[in-house]
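**Q** Before anything else, here's the structure in question.
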Amino acid sequence: MKYLLLICVDPTIEPVETPGEIDNWLDRLGESRLIGNALRGPSSATTVRVRRNERLVTDGPFTETKEFIVGFDVIDVESREEAVSIAGAHPVAAFGAVEVREFAPDTD
């Protein structure tokens, strides 16, 4: 099963990860990790909405939130429990949050 891990931080909390922790986490995942990347901060975001056939483009994040997404990983594992275990081992989980979302089934 494929899961999306959304890596989130609260900018008011000081990170507690040590250099190399992310690399070690990635090494432990091996081929379970299909893709992932860090993201630029919310100030570089652009939000697009279409209302009454009019495209509305706003610079900045969609909403003002305490936490924001700083990265993502897509993993392919046997169970939700395994995905949660992997998320809990992510270094950012110690000071931020890792949201685990299962991909919807293909509807061919």
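**Q** VAL92 fails exactly one of the following numbered conditions: (1) touching a Lys or Arg at 6+ places or on another chain (Cβ under 7 Å); (2) among the hydrophobic types (A, V, I, L, M, F, W, C); (3) closer than 30 Å to ASP27 by Cα. What is the number of that condition?
**A** (1)
**Q** If VAL9 passes every condition in (1) more than 17 Å from the chain's Cα centre (by Cα); (2) under 29 Å from PRO105 (Cα atoms); (3) in contact (Cβ under 8 Å) with a residue 40 or more places away in the chain but one, which one does it miss?
**A** Just one mismatch for VAL9, condition (1).
**Q** Please specify each residue of segment 32-88 satisfying the condition of being among the hydroxyl-bearing types (Ser, Thr, Tyr), in a loop (DSSP other than H, G, I, E, B) and either under 16 Å from ARG101 (Cα atoms) or open to solvent by 90 Å² or more (accessible area, probe 1.4 Å) (or both). Show your work before the answer.
**A** Restricting attention to segment 32-88, the residues satisfying the condition of being among the hydroxyl-bearing types (Ser, Thr, Tyr) are 32, 43-44, 46-47, 58, 63, 65, 79, 85.
Within this subset, residues satisfying the condition of being in a loop (DSSP other than H, G, I, E, B) are 63, 65, 79.
Once the filter is applied, which keeps residues that are among the hydroxyl-bearing types (Ser, Thr, Tyr), in a loop (DSSP other than H, G, I, E, B) and either under 16 Å from ARG101 (Cα atoms) or open to solvent by 90 Å² or more (accessible area, probe 1.4 Å) (or both), segment 32-88 yields only SER79.
**Q** Still on this structure, please answer the following. Residue by residue through segment 11-31, note down the ones that are assigned to a loop (DSSP other than H, G, I, E, B), of a type in the set (D, E, K, R) and closer than 15 Å to HIS90 by Cβ. Working first, answer last.
**A** Here is the first cut: in segment 11-31, the residues assigned to a loop (DSSP other than H, G, I, E, B) are 11-20.
The next check asks that each one be of a type in the set (D, E, K, R); those that pass are 14, 17.
Across segment 11-31, the qualifying residue is only GLU17.
Residues checked against (1) closer than 30 Å to MET1 by Cβ; (2) not charged (D, E, K, R):
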position	(1), (2)
GLY36	yes, yes
ARG49	no, no
LEU56	no, yes
GLU67	yes, no
ILE75	yes, yes
SER79	yes, yes
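**Q** Could you check segment 84-108 and list, in sequence order, the residues that are more than 26 Å from PRO11 (Cβ to Cβ) and touching a residue at least 40 places away in the same chain (Cβ under 8 Å)?
**A** Here is the first cut: in segment 84-108, the ones more than 26 Å from PRO11 (Cβ to Cβ) are 85, 102-108.
The answer is GLU102, PHE103.
The values are calculated or read from the model by the stated rules, or taken from the named source; none is laboratory data. The shown structure was predicted, so the numbers you read here are calculated from the model rather than taken from an experiment. Methodologically, a virtual Cβ is constructed for each residue, glycine included, from the backbone with ideal geometry; neighbour enumeration extends over all protein chains shown. With ligands, DNA and RNA removed, areas are computed over all heavy atoms of the protein, side chains included. Shrake-Rupley method; radii C 1.70, N 1.55, O 1.52, S 1.80 Å.
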